[in-house]
Each structure stands twice: as C-alpha cells, then as structure tokens.
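J.: Below you'll find the structure I mean.
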Amino acid sequence: MAAPTRSPTHAARTSASAPRLYRTKNDLPADTRVTVVARFNQWLADCIDLQTQCKQAHWNVKGPTFIALHELFDEINEDVEDYVDLIAERAVQLGGVVEGTARAVAARSSLDEYPLRASSGEEHVESLSSALAAFGKTVRDGIAEMDELGDKGSADILTEISRGIDKWLWFVDAHQQTAPAAAGNGVKARAR
Ligand SMILES: [Fe+2]
C-alpha cells in the first residue's frame, strides 16, 4: 500500500515483482523461477519485519516476567535471522535479486504494524504471537504453492521455517494458554 507522499521513484526502487533473472544452470524453468523469486521477496519482507518486531519486544518488555521474555524474544530473533538468510539466498540461487533494505521491506511487508508503545509482558506476548502466527500461515501456504510449482527445494526450505515458527509460536502462545478453548476458537481468534 503506497503512501501518497512517496516519490515517483519509489516503485522503481521496489521492483522485485518484475521478471528480472540472472542466467543460471539451475534447471527449474525460468517462468517458475520468476514466480518463486517474487514470492520469496514477499517472505523476505515479512521475515525481516518479524525479526525487527522480535527485537522491539526484546528491548521494550517490562514487568515481573521481564527477564524470561527478554531472553525468549532474543532467542526467537536469532532463529528468525537465520530464516531471513535462508529465504534471501534461495531467491538468489534461482537467479533472482532480493530486496532486503529496511525501506523495501517496510513497503512490502504483509504483517501488521507492531505497537510501538507496547510495554507489559502481556502486550508483547499478544503482539509477537500474532506476528508469528501471521508469518507462519503465509509460509505454510507457501509450502503447497512451491510443491505445485515443482520446486521441492523451496518447499523444503519453507517447511523448515514453518516448523521453527510453529515451535516459537508455541513458546510465546503458552503464556496466554490458561485453559483449553472449544475446538476452533483459538484459530478463529487469531485468523485476521
Ligand atoms: Fe539484547
């Protein structure tokens, strides 16, 4: 969603959706690689956004659960940083160009804005678990998408990331899980 105040060159600076590939001996068809690279640029933007949100939570959390959450959020950040690299380098392996600057990422990310004034452990748990769940969903959807395109390598990378995000979502989510909800309730509350 482009803000009206952005300069006319803004679109030109965030142009990964344009089919721009380096020559490679990788045998995946060029049209498949174009699609995969564009999708990986989207996951890259989301993942870098998620990483900054982990740090935002790590730095700003307050309250009686400070030390546990401060350390947990940094552990999540470290894994998410690895996912950023996995995602970016997959696109480059396929001849693509990645757009991972803060400005490109901010323009493209599909994640909700992190509340900059969040303070308590409860607020950060709610915000970060929502971001993890949203990113987890788009990555999980991507596994089937890459399978359908015949790119098992990309599907495998997304599967690894999905597994890790599911684990970290559990670690954060558990702070809010006091009693089992009726079937489907938790899913509905989170799906936005
Ligand atoms: Fe730190």
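J.: Fewest to most neighbouring Cβ within 10 Å: what's the order for 171, 40?
T.: Result, fewest neighbours first: 171, 40.
J.: Please order 110, 120, 129, 154 by the number of other Cβ within 10 Å, starting at the fewest.
T.: The most exposed by this proxy come first: 110, 120, 129, 154.
J.: Under 12 Å Cα-Cα from residue 62, which aspartates and glutamates qualify once same-chain neighbours fewer than 8 residues away are excluded?
T.: Partners within reach: 122, 123.
J.: Please give me, ordered by residue number, the GluC sites (Glu not before Pro) of region 103-152 that lie in loop per DSSP and have at most 16 other Cβ atoms within 10 Å.
T.: Qualifying residues, ordered by number: 113.
Read-outs: derived from the displayed coordinates by stated rules, not from any lab. This structure is a prediction, so every number in the text was calculated from the model and none was measured. Every residue, glycine among them, receives a Cβ derived from its backbone with ideal geometry; neighbour counts consider all protein chains shown.
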